[in-house]
């Protein structure tokens, strides 16, 4: 089903229910009000030329309604990353997808110190300009039967594009991922049914909507099922998030391990006791983080795995099927096979290879880039670029990006495995990132970055129990604040560049 059609059905079913509790503005929006506001915006967006509209808004009621209104107005939302280089990302998106209008917020631009560029429309101003006639017209429309309203807002095929998102660009230039209504809705249903999400759930939504984790699991899961979405614009405001969780008592929350660390450290016992589903994704989840939530809050932190190109969920642990350390079992409706990185043959159980994914949630392709699309999509199988294996019970184990494997002495070494081992022996509170740097004479070397000085010789001695000598870091570098992406992932590209520069300077 088309996403905006499902939103209309949710709104018609529970008009008086809270659709969004916006903790940034302290405003509450019922489904009836959300529908009316979306219809007003949709009528305005419909008049904008072209098929795309850029959305550059923080996680909020406004962002959710503007995104839904784009689809209701016959437009495709292009979600723009404002957390890292907002100006460059906005210009890049406009050029890549050839559109003129970006819906944004003057308060956001001021906060991130981003200048206004041609084509920017401020949502605050748009809402203030709405006339009484527009309000009355939308209110009358909202009272129409769901079937009539669905016909009015348009949308025919679920193969139509529902959003364009950009990959993180942590390794190379961002790619414009086209996700269809079928991609996202199938992922919502398969994931939601698997973890047993219902309309009685409420979700603490603080992930950015320009990242697929936030767009699908925070925004569309909520509107699709008719849940209550509790939004807050800053996931790094750890203390506030803990307060919101305690006050609003959400039942579902997802996030990245780096965010969950912040909430764990700043929370008080009982802050997260209402949560029945808490899922960490987008990066590996350390054992110590899982243990911390269980001990402090009695909540089981589950780990999942996904990709922008798969809408995103591929696998996830549940209470019934939970194997800590793995990324869980592959969700229904999604197929995974592990392919040998050299022979191309399917790997045996337990053998590490490239993770390939097939199913309705796999993207349409990269926008305006058939060559790159054909590189990663073959016979319906999407090459994630990740390495991993399936165990005898069907649990998927993630071993890191293929690009985060390095060949040393003829052996493939997983930098993620080195990181996991290093984390076990670091003092509490110390973060790390392991990268490889190249040298024309010596070849590749594994370098460990840590946030404070550590006892290197003792740590290496401990690590040698778990790893062969070729996998041990050759050097430790202190970077007090590891560069992060807006999504909470470590920016490996920047870390590698910093390390390479430091090593070059030391020669």
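All of the numbers you see were taken from the coordinates with simple rules; none came from a lab. All figures in this text were calculated on a predicted structure; none of them were measured in a lab. Here Cβ is always computed from backbone atoms with ideal geometry, including for glycine, and neighbour counts include all displayed protein chains.
Between residue 319 and residue 266, residue separation times 0.36 nm minus the direct Cα-Cα distance comes to 16.5 nm.
When peptides 179-189, 243-253 are ranked by their average number of other Cβ atoms within 10 Å per residue, the highest-first order is 179-189, 243-253. Taking every alpha-carbon pair under 8 Å whose residues sit at least 6 apart, the chain reaches a relative contact order of 11 percent. Taking the convex hull of the alpha carbon positions in the range 324-409 and averaging its projected area over all directions gives 6.9 nm². Of all DSSP-defined beta bridges confined to the chain, some 60% are antiparallel rather than parallel. By DSSP, the beta bridges lying fully in the range 75-193 are antiparallel in about 55 percent of cases. Between helix 287-297 and the chain there is an angle of about 50 degrees, using the helix long axis and the longest principal axis of the Cα atoms. An oblate overall shape is assigned to the range 201-337, the ratio a/c of its alpha-carbon gyration tensor axes (a ≥ b ≥ c) being 1.5 or greater and a/b not exceeding b/c.
Over the chain, dividing the summed -39,500 (n - 2.57) contributions of all DSSP H runs of at least 4 residues by the number of residues returns a 222 nm mean residue ellipticity of -10500 deg cm²/dmol. Tell me, how many Å apart are the Cα centres for the range 238-293 and for the range 1-18? Computed from Cα coordinates, the inter-centre distance equals 28 Å. For the range 411-506, what's the relative contact order in percent, using C-alpha pairs closer than 8 Å and at least 6 residues apart? Worked out over the range 411-506, it gives 26 percent.
Packing-based ranking of 377-387, 296-306, 1-11 yields 1-11, 296-306, 377-387, ordered from highest to lowest mean Cβ neighbour count within 10 Å. From most to least packed by mean Cβ count within 10 Å, the peptides 463-470, 282-289 give 282-289, 463-470. Extension gain, residue 236 to residue 136, is 32.1 nm, computed as 0.36 nm per intervening residue step minus the present C-alpha separation.
By its C-alpha gyration tensor, with a ≥ b ≥ c as the square roots of the eigenvalues, how is the range 286-374 shaped: rounded for a/c under 1.5, else prolate for a/b larger than b/c, else oblate? Judged from the Cα gyration tensor, the range 286-374 comes out prolate (a/c at least 1.5, a/b above b/c). The convex hull of the Cα atoms of the range 89-164, projected and averaged over all directions, covers 7.3 nm². Against the main long axis of the alpha-carbon atoms of the chain, helix 86-97 sits at an angle near 70°. Counted residue by residue at 0.36 nm each, then reduced by the alpha carbon distance between them, the extension gain from residue 412 to residue 378 reaches 9.7 nm. Computed from the Cα positions only, the extents of the range 371-507 along the three principal axes stand at 49, 36, 35 Å, in decreasing order. Here, the chain yields an orientationally averaged convex hull projection of 23.9 nm² when only Cα atoms define the hull. Rounded to the nearest 10 degrees, what's the angle between the helix 492-506 long axis and the longest principal axis of the chain, both from Cα atoms, 0 to 90? That works out to roughly 40 degrees.
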